[in-house]
Amino acid sequence: MSNRKMTAAKRNQLLRKYHTLAAKVGMDKNAKIDFLEESYGVSSSAELAAWQLQEVCELLQNTVNDKGDVWRKRVMAAIGGYLNRNGFENNAQMVKAVACRVTGYQSFNKIPISRLRDVYNEFLKKQGVGAKVDEIDSAISAYTKIAEQFVKSKQYKNVN
């Protein structure tokens, strides 16, 4: 009797894990049904055997990890670009340390995809704002030079 309860408990744990991973991958209800019908010929995860649930969970976990790797690379590029742009030291350890500090996590690989996405977008925004500030600064400098040349050429008459 206890083996059946353990099996049922393990099965329920696998079902929860399946639904959690499917949500992380971005599968909606219809996508899950399509996936199960195409892969296993069933329309519900409850119809899968325990070994099939384990297989599906491993597949989805690999997909989640792949997405995480993509976001980690994006974050490293965004932070690295920001550090380069501002003249700071830029190496993999420094970039990972910045990401961990910003997110509050101890390990770069433990940062969830949602936080990686936030960090990536924020550092891209910082780079974009920095580029706009440089552009405005250049325009102001050019305007100032033109104004100085105008005043020096005595085309400007001081009216008092």
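The values are calculated or read from the model by the stated rules, or taken from the named source; none is laboratory data. Computed from a predicted structure; not experimentally measured. Positions of Cβ are generated from backbone atoms using ideal geometry, with glycine treated the same way; all protein chains shown enter the neighbour counts.
When you go through D34, D66 one by one, which is the residue that is over 24 Å from R117 (Cα atoms), surrounded by fewer than 16 Cβ atoms within 10 Å (Cβ to Cβ) and not aliphatic (A, V, I, L, M)? Criteria check complete, one pass: D34. Report yes if N109 is touching a residue at least 24 places away in the same chain (Cβ under 8 Å), over 27 Å from Y18 (Cβ atoms) and loosely packed, with under 12 Cβ neighbours inside 10 Å, otherwise no. For N109, the condition - touching a residue at least 24 places away in the same chain (Cβ under 8 Å), over 27 Å from Y18 (Cβ atoms) and loosely packed, with under 12 Cβ neighbours inside 10 Å - is not met.
In the stretch 81-106, the residues that are under 17 Å from G68 (Cβ atoms) form Cβ pairs under 9 Å with partners that are assigned to a loop (DSSP other than H, G, I, E, B) and of a type in the set (A, V, I, L, M, F, W, C), at six or more places apart or across chains, as follows: A99/I111; C100/I111; T103/I111; Y105/I111. Answer yes or no as to whether L48 is out of contact with any Ser or Thr (no Cβ under 9 Å at 6 or more places or on another chain), of a type outside the set (G, A, S), surrounded by 13 or more Cβ atoms within 10 Å (Cβ to Cβ) and under 30 Å from K10 (Cα atoms). Yes; evaluated as a whole, the condition is true for this residue.
Residues checked against (1) assigned to a helix (DSSP H, G or I); (2) surrounded by fewer than 15 Cβ atoms within 10 Å (Cβ to Cβ):
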| position | (1), (2) |
| --- | --- |
| E89 | no, yes |
| V98 | yes, no |
| R115 | yes, no |
| L124 | yes, no |
| G128 | yes, yes |
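Among the residues of the stretch 140-149, at least one is surrounded by 11 or more Cβ atoms within 10 Å (Cβ to Cβ), of a type in the set (A, V, I, L, M, F, W, C) and either on the phi > 0 side of the Ramachandran plot or modelled with pLDDT under 75 (or both).
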